[in-house]
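Please treat every number below as a calculation from the coordinates, not as lab data. Keep in mind it's a predicted model, so treat the numbers as computed, not measured. Counting neighbours? That spans all protein chains shown, and the Cβs are built from the backbone with ideal geometry, glycine included.
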Amino acid sequence: MSVRSLKCRECGREYDMQFRYICDECFGPLDVSYDIPTLSPDVFANREQTYWRYSELLPIQDKSNIVSIGAGMTPLIRAERLGEKLGLRNLYIKNDSVNPTFSFKDRPAGVAISKARELGLKAVGCASTGNLASATAAHAAKANLPCYIFAPSDIEMAKIVQALSYGGNFMAVKGTYDDANTIAAQIGDRRRIGVVNINMRSYYVEGSKTLAFEVAEQLDWQMPDHLIIPVGSGAMLNAICKGFEELEAASLIDDASRMRPHAAQPHGCAPVVDAFHGTGIINPVYKPDTIAKSLAIGDPGDGRYVLKRLKQYGGSAGECTNDEILDGLILLAKTEGIFTEPAGGVAVAVLHKMVKDGRISPDETTICYITGNGLKATDTVMSVLPKPQVRHPDVTEIAAAIK
Ligand SMILES: *Cc1c(COP(=O)(O)O)cnc(C)c1O
Ligand SMILES: [Zn+2]
């Protein structure tokens with residue numbers, strides 16, 4: 001552990017590690033900064049198969065505060081069949097849909113809640129588009145902390161049931177994610193609740209960056225060329241870039257500047273993509289309308305920084321329609337045996353377009369981040385699948401139906 005400070009992303013002012021997330025001087029967000037040691041790949045050889053294996057680059061000072069439910073070290077799959085369909089010879093899927101609560105949110109939630117414990121907070125919570133609710137509630141359960149969840153009332157039923165099962169107090173807010181987020185921010189400050197994606201955001205981001213660490217390690221510390229990243233608030237895309245930069249600082253990879261990150265958003269809520277192709281200024285979407293509910297964040301907190309990252313690295317941004325999302329989701333399932341929720345369909349669909357537009361060439365190493373599980377959104381997916389016909393348990397009848 002080599003944490004130095006909390007550092008303002010805007011003006012660079014540094015603060016001690018504490019319960020604080022905004023700069024006093026300029027109101028900029030604070031990021032954890034490290035005095036990064038040189039690390040050799042061998043140090044990871046016998047470590048646990050979770051993202052806590054990267055403890056030197058995570059912000060928990062005393063390991064006894066770590067709250068782990070075994071998340072991370074998810075498979076990086078060589079996607080030969082999907083690659084063939086899309087025209088790519090070096091495509092990989094980072095399958096984060098198989099985390100303990102079935103989305104990548106176990107990364108940010110786990111680090112934020114561990115830090116909440118280290119800071120002595122007595123309750124945690126989140127504002128969620130669905131997946132963060134379960135990730136936060138599950139880690140809170142493991143930490144034996146009360147958990148308060150603020151989410152729009154129209155998210156998928158499976159996500160509500162799951163979060164409630166872990167014992168989370170679920171506040172279904174009649175409104176958008178941004179409405180839920182505003183409420184969570186005020187209650188968090190008033191009641192001193194560690195709201196993982198708001199007042200614990202500096203630490204939350206640190207969890208998401210392990211998506212860079214694992215991919216690099218799984219590629220034997222070679223840099224990929226392209227990264228397709230679904231964008232909601234934009235925290236993950238930013239964090240992945242920060243992660244690769246830290247690996248370069250640790251001498252584990254040689255050149256982070258080689259990657260091209262690409263932001264993927266659904267057409268009904270694509271403020272970052274629109275800004276990228278338009279004026280460069282984010283115009284909030286007041287009424288998100290998309291089946292990719294995990295990405296329905298109209299006013300993305302880190303949107304501005306995503307635009308900066310895309311510019312810095314020569315990345316790009318793309319969007320896709322609901323039909324394209326479902327096509328992408330089904331294509332991934334049928335070629336690679338991976339069942340994702342609509343957010344994953346967004347990543348596949350936008351990747352497809354980028355290959356067609358010649359933005360990614362066939363031999364370049366491309367990582368497609370699949371961040372959530374299809375079992376959380378079966379109602380949406382069902383709409384495009386044939387209903388199985390119910391038949392009598394009669395061999396002749398059923399044999400006749402098999403062509
Ligand atoms: C939250 C979420 C995202 C977006 O992550 P941000 O950090 O908010 O950009 C992507 N995919 C899934 C499945 C999510 O739950
Ligand atoms: Zn500042």
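Taking Cα atoms of the chain, Rg/Rh with Kirkwood Rh, to two decimals? Spell out each step's value before the answer.
On the way: Rg = 20.7 Å, Rh = 21.3 Å.
Rg divided by Rh gives 0.97.
How much FRET efficiency would the formula 1/(1 + (r/R0)^6) give for ARG391 and ASP323, where r is the Cβ-Cβ distance and R0 is 30 Å, rounded to 0.05?
Efficiency at R0 = 30 Å is approximately 0.45.
Evaluate E = 1/(1 + (r/R0)^6) for SER2 and GLU364, where r is the Cβ-Cβ distance and R0 equals 35 Å; express this FRET efficiency to the nearest 0.05.
It comes to 0.60.
Would you work out which of GLN162, SER5, LEU132 lies farthest towards the positive end of the dipole of the chain? Charges go on Cβ: Lys and Arg +1, Asp and Glu -1.
Of the listed residues, the answer is GLN162.
If I take every Cα pair under 8 Å that is 6 or more residues apart in the stretch 125-272, average their sequence separation and divide by the length, what percent do I get for the relative contact order? Kindly include the intermediate steps, with their values, before the conclusion.
Working: 222 pairs, mean separation 27.1, N = 148.
Relative contact order comes out at 18 percent.
What is the magnitude of the charge dipole of the chain about its Cα centre, with +1 placed on the Cβ of each Lys and Arg, -1 on the Cβ of each Asp and Glu, and no other charges, expressed in debye to the nearest 20? Could the numbers behind the result be given before it?
Details: 43 positive and 47 negative charges, 147 e Å.
Dipole size: approximately 700 debye.
Can you give the extra length, in nm with one decimal, that the chain gains between LEU119 and ASP255 once fully stretched, where that is 0.36 nm per residue apart less the Cα-Cα distance? Kindly include the intermediate steps, with their values, before the conclusion.
Values: separation 136, 0.36 × 136 = 48.96 nm, distance 3.50 nm.
Result for the pair: 45.5 nm of gain on full extension.
Can you classify the stretch 289-377 as rounded, prolate or oblate using the Cα gyration tensor, where a ≥ b ≥ c are the square roots of its eigenvalues, rounded means a/c under 1.5, and otherwise it's prolate if a/b beats b/c and oblate if not?
Judged from the Cα gyration tensor, the stretch 289-377 comes out oblate (a/c at least 1.5, b/c at or above a/b).
For the pair VAL161 and ILE281, how long in nm is the line joining their label points, each one 7 Å along Cα→Cβ?
For the pair VAL161/ILE281, the computed spacing is 4.6 nm.
Report, in debye and to the nearest 20, how large the dipole of the stretch 1-143 comes out about its Cα centre when Lys and Arg carry +1 and Asp and Glu carry -1 on their Cβ.
Roughly 460 debye, rounded to the nearest 20.
Please name which of ALA399, PRO388, SER316 has its Cα lying farthest along the dipole of the stretch 259-403 towards the positive end, using unit charges on Cβ (Lys, Arg +1; Asp, Glu -1) and the Cα centre as origin.
Of ALA399, PRO388, SER316, it is SER316.
Given +1 on the Cβ of Lys and Arg, -1 on the Cβ of Asp and Glu, and no further charges, what dipole in debye does the stretch 197-312 carry about its Cα centre, rounded to the nearest 20?
540
Using alpha-carbon positions, what is the distance between the centroids of the stretch 84-162 and the stretch 198-253, in Å?
17
If you keep only loop residues by DSSP, which trypsin sites (Lys or Arg not before Pro) in the stretch 290-394 have at most 16 other Cβ atoms within 10 Å of their Cβ?
ARG359, ARG391
Between 0 and 90 degrees, rounded to the nearest ten: what's the tilt of helix 106-118 against the longest Cα principal axis of the chain?
With both axes taken from Cα atoms, the answer is about 30 degrees.
Taking the chain as a Gaussian network, Cα atoms linked when under 10 Å apart, which of LEU219, LEU76, LEU252 shows the biggest mean-square fluctuation?
Judging by the Gaussian network model, the answer is LEU219.
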